[in-house]
1. Please report the relative contact order for the chain, taking Cα pairs under 8 Å with a sequence separation of at least 6, and give it as a percent rounded to a whole number.
2. On alpha-carbon atoms, Rg over Rh for the range 15-67 using Kirkwood Rh?
3. Would you mind getting me the FRET efficiency between Arg56 and Glu36? Use the beta-carbon distance for r and R0 = 22 Å, nearest 0.05.
Amino acid sequence: MKKLKKEFPYDPEKHTAVIRQSICTGEKAAGFRDRETGHFTEIMLIRTPEDEKQFRKIYGLEEIRTEY
């Protein structure tokens, strides 16, 4: 398995952790939404629960909002 590293300068004051999920296909993408501009930066695709755990671990996240 490829070891992921923290590549996005995540700042909890400026960003919200988000999982975007397609209503049609169910595809999930984890990333961060800028609180000021609303811009979403995709970090990785979520294919398995293990992928989500890895994303949480890399960025030290406890809570992630899901958007459809």
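Values in this text are rule-based calculations from the coordinates and carry no lab data. From a predicted model like this one, the values you see are computed outputs, not experimental measurements. In this analysis, Cβ positions are derived from the backbone assuming ideal geometry, glycine residues included, and neighbour counts consider all displayed protein chains.
1. Numbers: 96 pairs, mean separation 23.2, N = 68.
Answer for the chain is 34 percent.
2. On the way: Rg = 10.6 Å, Rh = 11.2 Å.
For the range 15-67, the value is 0.95.
3. On the way: r = 24 Å, r/R0 = 1.08.
Taking R0 as 22 Å, the efficiency between Arg56 and Glu36 is 0.40.
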